[in-house]
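Nothing in this text is a laboratory measurement; each read-out follows from the coordinates by a stated rule. Being a predicted model, the structure only gives us computed values, none of them experimental. Virtual Cβ from ideal backbone geometry, glycine too; neighbours counted across all protein chains shown.
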Amino acid sequence: MLSPLQQRLLNDFQRDFPLSARPYQDIAEQLGVTEQAVLAAFAELNAQHYISRIGPVIRPNQIGASTLVAMAVPADELQAVADLVSAYPEVNHNYEREHHFNLWFVLIAADAAHLQAVLDDIEQHTGYVVLSLPLVQEFFIDLGFPLDLAHA
Amino acid sequence: MDATDLALMRATQAGLPLVPEPYQALAEQLGISAEQVMARLVAMQAAGSIRRIGAVPNHYKLGYRYNGMTVWNVPDAHVDALGAQIGQLPFVSHCYHRPRHLPDWPYNLFAMVHGKSLAEVDGQIAQINAVLGELNLGGEVLYSTRILKKTGFRSG
């Protein structure tokens with residue numbers, strides 16, 4: 001169960017986190033609580049995995065080269081192939097999805113050549129072809145996501 | 001982004017330190033001043049390299065169990081205009097134009113939607129359908145059934 005303070009922190013501070021010497025103190029003043037209470041509430045949100053972190057969200061393609069990859073893997077081999085794929089440090093989101101293309105992950109590498117080398121390597125090691133779908137255009141400037149926390 | 005910016009981004013991907021002076025803690029790690037850390041974050045945000053700075057919620061843990069990747073085939077000539085409209089829908093967290101991969105993959109517009117029930121997501125998909133109208137040449141929704149890995153740099 002989220003406390004009222006945790007709910008405010010989750011919904012009101014997905015962006016514009018203060019860039020000041022003591023940001024948690026600034027938030028505390030805005031919310032009428034102590035800096036210690038803000039730090040404790042964030043620590044609890046972290047520990048319970050309600051947030052994955054507090055920090056900068058980077059626009060895609062700002063660091064190195066990246067792509068979204070899809071693979072169609074037989075169900076009985078999915079776990080083994082997923083484990084192989086997840087073991088690459090260049091892979092950072094790996095999801096199973098309900099579709100003929102049932103394995104989806106994001107690859108981020110230092111440059112385009114390294115990205116292609118990893119794609120080739122994954123094909124070679126798994127024995128399945130990869131569908132590489134790099135970003136052409138992004139339409140949404142992510143400023144956070146309004147959360148319905150009534151039953152969180 | 002220069003090498004120090006990159007080092008700063010790497011240092012923050014696990015999260016800002018939960019200490020009273022987090023930028024000072026990062027500054028010490030990077031060998032620059034806290035003022036420089038903040039100035040670099042301001043500059044990267046102004047340049048658009050940083051989208052936002054704040055709490056990154058874990059939607060799944062917060063009850064958003066239905067996370068659908070909706071994919072659509074729309075005429076290339078209209079993908080920018082349609083993408084801009086879809087991206088503005090409040091329940092869409094990401095919206096991208098990606099290349100088709102014919103014949104296996106005919107879809108060129110991706111929109112991620114999030115709901116607490118299947119019915120909620122169905123309603124969201126109906127709204128996307130309404131925006132696309134006759135320019136919708138086909139679509140599908142791919143639900144994630146398992147998160148197999150989620151670490152490192154986040155793209156959004």
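Spatial offset of the range B:2-60 relative to the range A:35-107 amounts to 20 Å, using the alpha carbon center of each. An ellipsoid equivalent to the range A:4-47, defined through the eigenvalues of its Cα gyration tensor, has semi-axes of 14, 12, 10 Å when rounded to whole angstrom and sorted largest first. In order along the range A:15-29, phi translates into HN-Hα couplings of 9, 6, 4, x, 9, 9, 4, 10, x, 5, 5, 4, 5, 4, 5 Hz, rounded to whole numbers, per the Karplus curve 6.51 cos²θ - 1.76 cosθ + 1.60 with θ = phi - 60° and x for Gly and Pro. Calculated mean residue ellipticity, 222 nm, the protein assembly as shown: -11000 deg cm²/dmol, from DSSP H runs (n ≥ 4) at -39500 (n - 2.57) each, averaged per residue and rounded to 500. A convex hull fitted around the alpha carbon atoms of the range A:18-152 yields 175 Å³ per residue. Once backbone amide H atoms are built at 1.01 Å from N, residue A:73 has A:102, A:103 as its partners under 5 Å, excluding neighbours fewer than 5 places away on the same chain. Charged side chains reduced to their Cβ positions (Lys and Arg at +1, Asp and Glu at -1) give chain A a dipole of some 440 debye around its Cα centre.
Taking Cα centre as origin and charging only the Cβ of basic (Lys, Arg, +1) and acidic (Asp, Glu, -1) residues, the dipole magnitude of the protein assembly as shown rounds to 440 debye. Here the Gaussian network model covers chain B, with springs between Cα atoms less than 10 Å apart; of B:53, B:128, B:86, B:53 fluctuates the most.
Summing +1 for each Lys or Arg and -1 for each Asp or Glu among the other residues whose beta-carbon sits under 12 angstrom from that of residue B:140 gives 0. In the range A:65-133, taking the dipole from charged Cβ atoms about the Cα centre, the farthest positive-side position among A:81, A:107, A:122 is held by A:107. The value for the range B:66-143 of Rg(Cα) / (2.2 N^0.38 Å) is 1.00. Spread over its residues, the convex hull of the C-alpha atoms of the range B:1-122 is 160 Å³ per residue. Less than 5 angstrom separates the built amide H of residue B:50 from those of A:59, B:45, all sequence-distant by 5 or more or on a different chain. Using the Cβ of residue B:35 as centre and a radius below 14 Å, the other residues enclosed give a net charge of 0, where K and R count +1 and D and E count -1. In a simple Cβ point-charge model (Lys, Arg +1; Asp, Glu -1; nothing else charged), the range B:66-143 has a dipole of about 160 debye relative to its Cα centre.
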